[in-house]
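Some notes on the structure that comes next.
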Amino acid sequence: MRIRDLGYSPGTLAPGPQNSILDVDGVRVGQVTVLEGDGDVVKGVTLIFPRHPDEIQVPCYAGMHTLNGNGEVTGSYQIKDWGFINTGSVVCEVLALVSALYHFLSGKSGHPDGIFQWLPGPRAPGLIYDAFPVALTNSLSVGIAYHSIWQWMIAQSKRKGQDTYNMGRHYGTPVVGETADWALNDIYRSALLPSHVDEALSKALTQDAVQEGQFGGGAGMTCHQFTGGTGTSSRVVKGEAKEYTVGVLVQSSYGHLGDLRIGGVPIGKLLAREKEAGSAAAKQSHPGPGGEGSCVILILYTATTDAPMLPHQLTRLAQRASIGLAQVGGHGTARNFSGDIFLAVSTANRPADQLAGPTPSHAHPRVETWTAATVKNESVDALFRAASEAAEEAVLNSMVAGREGRTGFGGFRADGLPVERVRALLEKYLVVV
């Protein structure tokens, strides 16, 4: 069940076949969900490969926007400075330096790649690629996901026989985003294990649909005081010679009940009024930052499109997530404790980032160019609308998918969105033109 099944179809543009980020050609998603004990901990990770895993060492142009910054996305400095996420074989320049130091101290000669004798082999059997994923998880698992992706990438490069020099030329920083899950989880036990990330890497090869709600990185998350988590949607935009797709995946963990709006209907206020009328004892809130009585507010949004957009255009595309989010959260969007962080990626161009030739000079490199396609500025509004509409629908889908609710740490109960009651309220109040 999704929001459209309740009688509301956000926006005017048509979705793709799956109404999912997977409608963008080549995108792959892998998710792992871990349940421990009697529900005291439910955690997970979602990995998004912007390109098909076979397309290695091809960066994607990218842009970011922060509406309110109480959150973390690693690699953001590189995205803002370079204008892309690197999806190829990667190794930190520090590793090359450490490897060179190892050779110097040990008296060994040859190219400085000896450090790899200490690194583990590929921990995810069957993986034959080294494309660089975007990871979404809970706050305490950022370091684990970051480390695991690094180790896996290095192991893949080692398996291909690449030395640190050539690996360093394809440098990239893992992009890992987080949302907070401490309303439902025992945060002392909510960190992932490296094996969980490895399993998600393997699943990206075969997973054919995004699991919404309390799955993957969205496990343990609440949205407008209902269970939320992972949600996805897409929109198709007409072009001159082809159609373009904007796919969105969100990890929702934010919001007050009273601010929830669906199709312009103040659903949250209507539900709150019914709850108050039913029983004063039924009122329930849980302590959030600053005693506001809400969950920790953070939304991670990843938009991927096959339209040829440059970094400055993708930054503008990312900004439009704010509009979609405000359609759901109204004036309660982007509060002080909120981390509303948006990433947009284009898979259309294939940036030739490296200089030509096997051993280019980096001390005084020659200037080389390449030609990129780009969307005309006067036609970009259609893509802006697509990103906004898909963001709104992805958040609502995350809540509908979490409709079963969850009992978490200490017996705390987060109810699911009462979908049948929401359906009835939409039938009564939604204005359809």
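Please calculate the 1.4 Å probe accessible area of Ile85, with all protein chains present, and give it to the nearest 10 Å².
Looks like 10 Å² after rounding.
Which percent of the accessible area of region 121-263 is formed by carbon and sulfur heavy atoms (probe 1.4 angstrom)?
Details: 2530 of 4550 Å².
The C+S portion of the solvent-accessible surface of region 121-263 is 55 percent.
Round to the nearest 10 and report in Å² the accessible area of Tyr429, as given by a 1.4 Å probe over the protein chains' heavy atoms.
The value for Tyr429 is about 90 Å².
Give the carbon-plus-sulfur fraction of the accessible surface of region 358-433 in %, rounded to a whole number; probe 1.4 Å, heavy atoms of protein chains only.
Details: 2360 of 4440 Å².
Its accessible area is 53 percent carbon and sulfur atoms.
Compute the distance from the alpha-carbon center of region 298-339 to that of region 383-413, in whole Å.
15
For region 310-377, which trypsin sites (Lys or Arg not before Pro) pass both filters: DSSP loop (anything but H, G, I, E, B) and at most 13 other C-beta atoms within 10 Å?
Details: sites: Arg316, Arg320, Arg335, Arg366, Lys376; in loops: Arg320, Arg335, Arg366, Lys376.
Those satisfying the criteria are Arg366, Lys376.
Between their Cα atoms, which of Lys80/Lys242; Lys160/Lys203; Lys158/Lys203 are more than 28 Å away from each other? Before the final figure, lay out the partial values.
Numbers: Lys80/Lys242 30 Å; Lys160/Lys203 21 Å; Lys158/Lys203 22 Å.
From the list (Lys80/Lys242; Lys160/Lys203; Lys158/Lys203), the Cα-Cα distance tops 28 Å for Lys80/Lys242.
Give me the distance between the Cα centres of region 243-257 and region 162-237, rounded to whole Å.
Region 243-257 and region 162-237 have Cα centres separated by 14 Å.
Using Cα pairs closer than 8 Å and at least 6 residues apart in sequence, work out the relative contact order for region 160-251, in percent.
Numbers: 87 pairs, mean separation 18.0, N = 92.
Across region 160-251, relative contact order equals 20 percent.
Mind checking the per residue accessible area of region 1-74 for me, 1.4 Å probe, whole number of Å²?
Working: 2700 Å² over 74 residues.
Per-residue value: 37 Å².
In the neighborhood of Asp381, defined by Cβ-to-Cβ distances under 12 Å, what is the net charge if each Lys or Arg adds +1 and each Asp or Glu adds -1?
Details: positive: Arg316, Arg320, Lys376, Arg385; negative: Glu378.
That works out to +3.
How far is it, in nm, from the label point at His147 to the one at Val236 when both lie 7 Å from their Cα along the line to the Cβ?
4.5
The values are calculated or read from the model by the stated rules, or taken from the named source; none is laboratory data. Just so you know, these numbers come straight off a predicted model, no measurement behind them. No Cβ is skipped: glycine too gets one built from the backbone with ideal geometry, and neighbour counts run over all protein chains shown. Calculation scope for accessible area: heavy atoms of the full protein, side chains included, ligands and nucleic acids excluded. Shrake-Rupley method; radii C 1.70, N 1.55, O 1.52, S 1.80 Å.
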